[in-house]
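Chemist: Starting off with a structure, shown below.
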Amino acid sequence: MSTYQVVHKPEQCSFVADCDGAQALLTYRLLADRQVDFNHTYVPRAARGSGIAAKLVNTAAEWAREQGLTIKASCPYVHKVLGLD
């Protein structure tokens, strides 16, 4: 895993990490019935393969669980990492 620090930005419905001047991110939407949909991940080319995408997903999932939210994932990467079915 990388040493990048993930920051939750609730006002932007995202989790972000500064990757040497570029930004990796995971975005989400809050849904009805205490659900959250993680809908998009992006990692700058220079940071790909560093583990930051998985770190974003795991940090976001931990937050969702702490909030008592049911996790949905319309982003295929998040779906795969979390093993949702």
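Chemist: With respect to residue 41, is the statement that it is on the phi < 0 side of the Ramachandran plot and open to solvent by 50 Å² or more (accessible area, probe 1.4 Å) true?
Modeler: Spelling it out, it is not the case that residue 41 is on the phi < 0 side of the Ramachandran plot and open to solvent by 50 Å² or more (accessible area, probe 1.4 Å).
Chemist: All but one of (1) farther than 18 Å from residue 81 by Cβ; (2) in contact (Cβ under 8 Å) with a residue 24 or more places away in the chain hold for residue 69; state the number of the condition that does not hold.
Modeler: Exception for residue 69: condition (1).
Chemist: Another question, if that's okay. Just give me the residues in segment 44-54 being open to solvent by 70 Å² or more (accessible area, probe 1.4 Å) and either outside any helix (DSSP H, G or I) or among the polar types (S, T, N, Q) (or both), in sequence order.
Modeler: Residues satisfying the conditions are 48, 49.
Chemist: How many of the residues in segment 13-35 are more than 11 Å from the chain's Cα centre (by Cα) and surrounded by 11 or more Cβ atoms within 10 Å (Cβ to Cβ)?
Modeler: 9
Chemist: Kindly establish whether residue 18 is under 21 Å from residue 83 (Cβ atoms) and assigned to a strand (DSSP E or B).
Modeler: No: the conditions fail for residue 18.
Chemist: Still on this structure, please answer the following. Search segment 55-85 for residues being open to solvent by less than 20 Å² (accessible area, probe 1.4 Å) and part of a helix (DSSP H, G or I), and hand back the single one that is farthest from residue 9 (Cα to Cα).
Modeler: 78
Chemist: Do we have residue 28 as in contact with a helix residue (DSSP H, G or I) (Cβ under 9 Å, 6 or more places away or on another chain), within 19 Å of residue 81 (Cβ to Cβ) and not in a strand (DSSP E or B) here?
Modeler: no
The values are calculated or read from the model by the stated rules, or taken from the named source; none is laboratory data. Quick caveat, the model's predicted, so the values are computed rather than measured. Cβ sites come from the backbone with ideal geometry, for glycine too, and all protein chains shown count toward neighbours. Heavy atoms of the whole protein, side chains included, go into the accessibility calculation; ligands, DNA and RNA do not. Shrake-Rupley method; radii C 1.70, N 1.55, O 1.52, S 1.80 Å.
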